[in-house]
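Everything on this sheet refers to the single structure shown next.
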Amino acid sequence: MLKKNHTRRELQKAMLALLTSKPFANITVNDLVKQSHLNRSTFYRCYDDKYDLIRSVEDDFIAKFMVFRKQFGIFNLENDALEAKFEFCRAHAVTIRTLLSVNGDPRFERRLRQEIDRAVDAKFQLKMKNDLDIMAANFAKSSLSGAVMYTIGFIASNPDPKLVVPLEQNMKRLILNGPWQILEEISDPDKEKNPDTK
């Protein structure tokens, strides 16, 4: 079993390595076994096909993300939690960047957003009374999950620890003031506004 786990990890690394230069749709089992220095029969002992392999890479990351989420909470804005989030994203930067890249499996982002939406549902215990409540809740959840997705991708692409404080400040501003207020604060006052946006 230990050897099979090692082989599975090698194939997962091969998938991530190939995704840095080739779209998932164009990756073949031959590419994977060549990259991992394994043979096809070994591949098929571990995985049914490349879809099974990419799913296992995604499942492994999402499982780690869920454990992290339960331990620290996605929306905890305390300094220690933000530093832990930063370290988590930095530790998994290659996986995150690769899976969210144009070469990655487009289903991954949707799966990660669903996990973030579950965190929102768990935190707020929403009680929607009518269609307007549902619309407002979905809009708010979409905004929050988009901000979290952007933050995860940003940290994975910019793993400088000096960014923890500005990132914390921007997340707090977004949550407390909303996106409109932030955009108003950073907009160019000298530029004439489009009448459609007033």
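DSSP loop trypsin sites (Lys or Arg not before Pro) in region 75-133 with at most 16 other Cβ atoms within 10 Å of their Cβ, which ones? Write down the numbers at each step before the final one.
On the way: sites: 85, 90, 97, 107, 110, 111, 113, 118, 123, 127, 129; in loops: 127, 129.
Qualifying residues, ordered by number: 127, 129.
Under the 0.36 nm per residue contour assumption, what length would be gained going from the current alpha-carbon distance of residue 169 and residue 154 to full extension? Could the numbers behind the result be given before it?
Values: separation 15, 0.36 × 15 = 5.40 nm, distance 1.46 nm.
So the chain would gain 3.9 nm between residue 169 and residue 154.
State the label only: which of (1) 59, 40, 26; (2) 62, 41, 35; (3) 46, 43, 31 corresponds to Cα extents along the principal axes in Å computed from the shown model?
Among (1) 59, 40, 26; (2) 62, 41, 35; (3) 46, 43, 31, the one derived from this structure is (2).
Under a point-charge model restricted to the Cβ atoms of Lys and Arg (+1) and Asp and Glu (-1), what is the dipole moment magnitude of region 98-139 relative to its Cα centre, in debye to the nearest 20? Walk me through the intermediate numbers first.
On the way: 8 positive and 7 negative charges, 20 e Å.
So the magnitude is around 100 debye.
For region 95-121 and region 35-77, write down the distance between their C-alpha centroids in whole Å.
Each part's Cα centre sits 12 Å from the other's.
Starting from the Cα of residue 51, step 7 Å along the direction of its Cβ; do the same at residue 64; then give the gap between the two resulting points in nm.
2.6
Name the chymotrypsin sites (Phe, Trp or Tyr not before Pro) in region 25-73 that are in a loop by DSSP and that have at most 13 other C-beta atoms within 10 Å, would you?
Values: sites: 43, 44, 47, 51, 61, 65, 68, 72; in loops: 47.
For chymotrypsin sites (Phe, Trp or Tyr not before Pro) across region 25-73 that sit outside H, G, I, E and B with at most 13 neighbouring Cβ atoms in 10 Å, the list is empty.
Taking square-rooted eigenvalues a ≥ b ≥ c of the alpha carbon gyration tensor, is region 101-198 rounded, prolate or oblate, where a/c under 1.5 means rounded and, failing that, a/b exceeding b/c means prolate? Mind dumping the intermediate values first?
Values: a/c = 1.63, a/b = 1.08, b/c = 1.51.
Taking the square roots of the gyration eigenvalues as a ≥ b ≥ c, region 101-198 is oblate.
Placing +1 on the Cβ of each Lys and Arg and -1 on the Cβ of each Asp and Glu in region 137-188, which of 146, 177, 166 has its Cα farthest towards the positive end of the resulting dipole?
With unit charges placed on the Cβ atoms, the residue in question is 146.
Is any helix in the chain, taking whole DSSP H runs, at least 20 angstrom long along its axis by alpha carbon and on average at least -0.5 on the Kyte-Doolittle scale, and which ones?
On the way: long enough: 2-19 (26 Å, -0.59); 50-72 (33 Å, -0.18); 106-124 (28 Å, -1.25); 131-157 (38 Å, 0.86); 164-186 (23 Å, 0.07).
Within the chain the helices that satisfy the rule are 50-72, 131-157, 164-186.
Which lysines have a Cα less than 25 Å from the Cα of residue 3, not counting those fewer than 8 places away in the same chain?
Once the sequence-local lysines are set aside, what remains near residue 3 is 13, 34, 50, 64.
Using a/c under 1.5 as the rounded threshold, could you call region 1-88 rounded, prolate or oblate? The axes a ≥ b ≥ c are square roots of the C-alpha gyration tensor eigenvalues, and prolate needs a/b larger than b/c, oblate otherwise. Working shown, then result.
Details: a/c = 3.04, a/b = 2.20, b/c = 1.38.
Here region 1-88 falls in the prolate category.
Under unit Cβ charges (Lys, Arg +1; Asp, Glu -1), what dipole magnitude, rounded to 20 debye, does the chain have relative to its Cα centre? List each step's numbers first, then the result.
Details: 32 positive and 27 negative charges, 183 e Å.
With Lys and Arg at +1 and Asp and Glu at -1, about 880 debye.
Report the full-extension gain for the segment residue 109 to residue 21: residue separation times 0.36 nm, less the Cα-Cα distance, to one decimal in nm.
Values: separation 88, 0.36 × 88 = 31.68 nm, distance 1.89 nm.
Between residue 109 and residue 21, full extension yields an extra 29.8 nm.
Between residue 162 and residue 137, what is the FRET efficiency for a Förster distance of 30 Å, r being their Cβ-Cβ separation, to the nearest 0.05? Numbers along the way, then the final one.
On the way: r = 36 Å, r/R0 = 1.19.
The computed FRET efficiency comes out at 0.25.
Starting from the Cα of residue 184, step 7 Å along the direction of its Cβ; do the same at residue 117; then give the gap between the two resulting points in nm.
Inter-label distance under the simple model: 3.0 nm.
Values quoted throughout were computed directly from the atomic coordinates according to the rules given, and no laboratory measurement underlies them. As the structure is a prediction and not an experimental result, all values here were calculated from the model. FYI the Cβ positions are ideal-geometry reconstructions off the backbone, even for glycines, and counts take in every protein chain you see.
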